[in-house]
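Reviewing the structure listed below.
Every number here is computed from the coordinates shown, using simple stated rules; none is lab data. Note that the coordinates shown come from a computational prediction; the quantities given were computed from them, not determined experimentally. Counting neighbours? That spans all protein chains shown, and the Cβs are built from the backbone with ideal geometry, glycine included.
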Amino acid sequence: MPHLEGGRKSQNTFQNDRLFRRVSVVQTIVVALWLMLPAYVPNNAAVVLGGGTPVDFGREWRGDRILGDGKTWRGGAGGIGAGFGLAVLLNAAVTQGYVPEFIPTFELRAAFALALGAILGDMGASFLKRRTGRKRGAPFPGVDQLDFVVGAFVVTALLAPEWFFAEFTVEVIVAVLILTPLLHVTTNLIAYRLGLKDEPW
Ligand code: CTP
Ligand code: MG
């Protein structure tokens, strides 16, 4: 009976479509996290490596610090180095064939831009905090969770536009914007419990 044959066939196609969609959602999430690793690491590395001379050299603007003692040259440079170094390691994992085919590589300029942008985004948030009367370490919900993502996106789109728009599709960007705040809250809570950070945000 041809119509039954056809019915079974279209049901199989339907199930294949659902499977395909589920696989591609998982792939999108994995790609999103992979691409953002060089932007996730810098601010965490800055917590461990930071200290010393503040980026604003202690200067004030309109009665408040420009950035504050929480943003140091050593933390910034160490963070950028850590993010860039991680991207180089991730690229090696791809070229050595340790990861699935769908995992992308980082253009070196893009790797640097992701790490630089994450550090600059965090500094931009501190600038806004000081302008809005928030002292060092004060929370700024929303801004704390996404400052480095916005910084990484903007700086990478400017410094490595072709790579950025090829790898950061709309789906990947949506995944990053949903997953990053969740990851950020979790990792900062862990860093706080371990005594690495003074506040849990
Ligand atoms: N850090 C650093 N240099 C940076 C970023 C961070 O040295 N560029 C270090 C500082 O010791 C900082 C700590 O990491 O205190 C935690 O970082 P963060 O939470 O971003 O800074 P806060 O101290 O909370 O300051 P702010 O209110 O300006 O965010
Ligand atoms: Mg803080």
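Some observations on this one:
- For peptides 74-86, 183-195, sequence by mean Cβ density within 10 Å, most packed first: 74-86, 183-195
- Residue 62 sits among other residues whose Cβ lies under 11 Å from its own Cβ, and their net charge, with Lys and Arg +1 and Asp and Glu -1, is +1.
- The magnitude of the dipole of region 101-201, with charges of +1 and -1 set on the Cβ of Lys/Arg and Asp/Glu and taken from the Cα centre, is near 760 debye.
- For region 37-193, averaging the sequence separation of C-alpha pairs within contact (under 8 Å, six or more residues apart) and dividing by the residue count gives a relative contact order of 23 percent.
- Taking a span of 30 Å or more along the helix axis (Cα atoms) and a mean Kyte-Doolittle hydropathy of at least 0.0 as the rule, the DSSP H helices of the chain that qualify are 2-49, 73-95, 108-131, 170-193.
- A convex hull fitted to the Cα coordinates of region 37-193 yields 120 cubic angstrom per residue.
- Each of 89, 35 was scored by other Cβ atoms within 10 Å of its Cβ. Listed from fewest to most, they are 89, 35.
- Cβ-to-Cβ counts within 10 Å put 48, 41, 150 in ascending order as 48, 150, 41, the fewest first.
- Of the chymotrypsin sites (Phe, Trp or Tyr not before Pro) found in region 91-190, those that fall in a DSSP loop while having at most 14 other beta-carbon atoms within 10 Å are 98, 102.
- In the chain, a dipole from Cβ-located charges (positive for Lys and Arg, negative for Asp and Glu) runs towards its positive end, and of 73, 36, 163 it is 73 whose Cα lies farthest in that direction.
- Placing +1 on the Cβ of every Lys and Arg and -1 on the Cβ of every Asp and Glu, with no other charges, gives region 37-193 a dipole of roughly 860 debye about its Cα centre.
- Taken over the chain, lysine pairs spaced eight or more positions apart, or on distinct chains, with alpha carbons under 26 Å apart number 5.
- The H on the amide N of residue 67, modeled in the peptide plane, is under 5 Å from the matching H of 56, each at least 5 residues off or on a different chain.
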